[in-house]
Amino acid sequence: MSTPARTGDRPAEAIAGLLATLAIVASCLGLVYRPVRVIPFAILIALIAAAMGGRHERLAAYALVISAACFVAGTFFAIITNHPIF
């Protein structure tokens, strides 16, 4: 039996995973602190991570969904509770 050689991960794949994780953390932070100021940058970071591709494509897709949901929920709760959104 012969097994295929393990291909090394590209550095861009590791950075994409790190950016996707950073986008998720930033969105959760924006959920409780000024969502319109923080979450658009988290969405941008998640889009960059998704464009890099690699083996973290699903994580980047989850980061986009989580960022969008946090934006909607954070803005909704900020308006309801009269907290600043900017």
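Looking only at residues of the stretch 23-60 that are open to solvent by less than 70 Å² (accessible area, probe 1.4 Å) and β-branched (Val, Ile, Thr), we find that the one that is nearest to the chain's Cα centre (by Cα) is 24. Report yes if some residue within the stretch 61-68 is open to solvent by 80 Å² or more (accessible area, probe 1.4 Å), more than 12 Å from residue 30 (Cβ to Cβ), out of contact with any Phe, Trp or Tyr (no Cβ under 7 Å at 6 or more places or on another chain) and without any contact (Cβ under 8 Å) to a residue 24 or more places away in the chain; otherwise report no. Within the stretch 61-68, one or more residues are open to solvent by 80 Å² or more (accessible area, probe 1.4 Å), more than 12 Å from residue 30 (Cβ to Cβ), out of contact with any Phe, Trp or Tyr (no Cβ under 7 Å at 6 or more places or on another chain) and without any contact (Cβ under 8 Å) to a residue 24 or more places away in the chain.
If only one of 86, 71 is open to solvent by 40 Å² or more (accessible area, probe 1.4 Å), hydrophobic (A, V, I, L, M, F, W, C) and modelled with pLDDT of 95 or more, which one is it? Lay out the reasoning, then the answer.
Details: 86 fails: modelled with pLDDT of 95 or more.
Criteria check complete, one pass: 71.
The values are calculated or read from the model by the stated rules, or taken from the named source; none is laboratory data. This one's a predicted model, so the numbers in the text were calculated from it and none came from an experiment. In this analysis, Cβ positions are derived from the backbone assuming ideal geometry, glycine residues included, and neighbour counts consider all displayed protein chains. These area figures cover heavy atoms from the full protein model, side chains too; ligands, DNA and RNA do not enter into them. Shrake-Rupley method; radii C 1.70, N 1.55, O 1.52, S 1.80 Å.
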